[in-house]
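The values are calculated or read from the model by the stated rules, or taken from the named source; none is laboratory data. What you are looking at is a predicted structure, and each value in this text was computed from that prediction instead of being measured. Positions of Cβ are backbone-derived with ideal geometry, glycine not excepted, and every protein chain shown enters the neighbour counts.
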Amino acid sequence: MSWNMFSRFGAGSDPDVVSFDDLEEAVGTNAWTIVDVREPDEFASGHIPNACNIPMSSFDPADLPQGKPVVLVCLSGGRSRKALSKARDIGREDVRHFPGGMNGWRSHNGPVTL
């Protein structure tokens with residue numbers, strides 16, 4: 001699937017980020033792979049449904065799943081931004097990050113899986 005599947009990616013949008021609404025829609029349709037870069041204990045305390053965990057402490061962008069767009073998530077956006085930079089360095093243009101992180105996800109009452 002392409003990033004263009006959501007109309008909210010338009011002129012003036014930051015091409016590196018996804019909004020809460022886009023991420024919520026993607027979770028509901030399983031359209032994107034969600035990769036949580038928090039450490040395993042943080043991930044175990046609650047994560048976005050169907051997210052996989054690739055901790056930043058051992059993050060290698062070559063390990064990111066292929067086949068559909070990837071959204072990176074952390075606690076508040078800092079680590080996911082660093083992971084995005086690493087993914088861009090190896091040419092992955094199908095990766096974005098959610099700058100609100102789990103804090104933003106929870107503040108919008110997004111579903112959390114334990």
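Pairs needed: first member in region 27-44, free of Cβ contacts under 8 Å to residues at least 24 places away in the same chain; second member anywhere, of a type in the set (S, T, N, Q); C-beta distance under 8 Å; at least 6 residues apart or different chains.
Correct list of pairs: N30/N50; E39/S57; P40/N53; F43/N53.
Could you look through region 66-112, keep only residues that are in a loop (DSSP other than H, G, I, E, B) and closer than 18 Å to E39 by Cα, and pick out the one that is nearest to the chain's Cα centre (by Cα)?
At the first step, the residues of region 66-112 found to be in a loop (DSSP other than H, G, I, E, B) are 66-69, 74-77, 90-94, 98-100, 108-112.
Adding the requirement that they be closer than 18 Å to E39 by Cα leaves 74-77, 98-100, 112.
Working: C74: 8, L75: 11, S76: 11, G77: 10, F98: 5, P99: 9, G100: 10, V112: 14 Å.
For region 66-112, the residue satisfying everything is F98.
Name the single residue, out of those in region 50-64 being within 12 Å of the chain's Cα centre (by Cα) and not in a strand (DSSP E or B), that is surrounded by the fewest Cβ atoms within 10 Å (Cβ to Cβ). Steps first, please.
Restricting attention to region 50-64, the residues satisfying the condition of being within 12 Å of the chain's Cα centre (by Cα) are 50-54, 64.
Still in the list and also not in a strand (DSSP E or B): 50-51, 54, 64.
Values: N50: 12, A51: 20, I54: 21, L64: 20.
Residue satisfying both the conditions and the ranking: N50.
Which of (1) out of contact with any Leu (no Cβ under 9 Å at 6 or more places or on another chain); (2) at pLDDT 95 or above; (3) assigned to a loop (DSSP other than H, G, I, E, B) does G12 not meet, given it meets every other one?
Against the list (1) out of contact with any Leu (no Cβ under 9 Å at 6 or more places or on another chain); (2) at pLDDT 95 or above; (3) assigned to a loop (DSSP other than H, G, I, E, B), G12 comes up short only on (2).
Residues checked against (1) on the phi < 0 side of the Ramachandran plot; (2) assigned to a helix (DSSP H, G or I); (3) at pLDDT below 90:
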residue	(1), (2), (3)
N4	yes, yes, yes
G28	yes, yes, yes
R38	yes, no, no
D41	yes, yes, no
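Quick one: in region 39-65, which of the residues that are in contact with a strand residue (DSSP E or B) (Cβ under 9 Å, 6 or more places away or on another chain) and polar (S, T, N, Q) is farthest from A26 (Cα to Cα)?
Step by step, filter region 39-65, then rank; the result is N53.
Working only within region 47-96, note down all residues that are under 19 Å from T113 (Cβ atoms) and hydrophobic (A, V, I, L, M, F, W, C).
Within region 47-96, I48, A51, C52, I54, V70, V71, L72, V73, C74, L75 qualify.
Look through region 24-34, keep the residues that are closer than 16 Å to W105 by Cα and of a type in the set (G, A, S), and return whichever of them is surrounded by the most Cβ atoms within 10 Å (Cβ to Cβ).
The selected residue is A26.
In region 61-81, what count of residues is obtained for those that are over 18 Å from S19 (Cα atoms), among the charged types (D, E, K, R) and in contact (Cβ under 8 Å) with a residue 12 or more places away in the chain? Can you show your working first?
Step one: of region 61-81, the residues over 18 Å from S19 (Cα atoms) are 61-67.
Among the residues that remain, those that are also among the charged types (D, E, K, R) are: 63.
When the remaining residues are screened for being in contact (Cβ under 8 Å) with a residue 12 or more places away in the chain, the result is none.
Residues that pass the stated criteria total 0.
List the number of the failed condition for V70; all other conditions in (1) surrounded by 17 or more Cβ atoms within 10 Å (Cβ to Cβ); (2) in contact with a helix residue (DSSP H, G or I) (Cβ under 6 Å, 6 or more places away or on another chain) hold.
Tallying (1) surrounded by 17 or more Cβ atoms within 10 Å (Cβ to Cβ); (2) in contact with a helix residue (DSSP H, G or I) (Cβ under 6 Å, 6 or more places away or on another chain), V70 fails exactly one: (2).
Filter region 35-53 down to the residues that are of a type in the set (A, V, I, L, M, F, W, C) and touching an Asp or Glu at 6+ places or on another chain (Cβ under 6 Å), then identify the one that is farthest from P111 (Cα to Cα). Reasoning before the result, please.
From region 35-53, those of a type in the set (A, V, I, L, M, F, W, C) are 35, 37, 43-44, 48, 51-52; that's our starting set.
When the remaining residues are screened for being touching an Asp or Glu at 6+ places or on another chain (Cβ under 6 Å), the result is 43, 51.
On the way: F43: 14, A51: 12 Å.
Of everything passing the filter in region 35-53, F43 is farthest from P111 (Cα to Cα).
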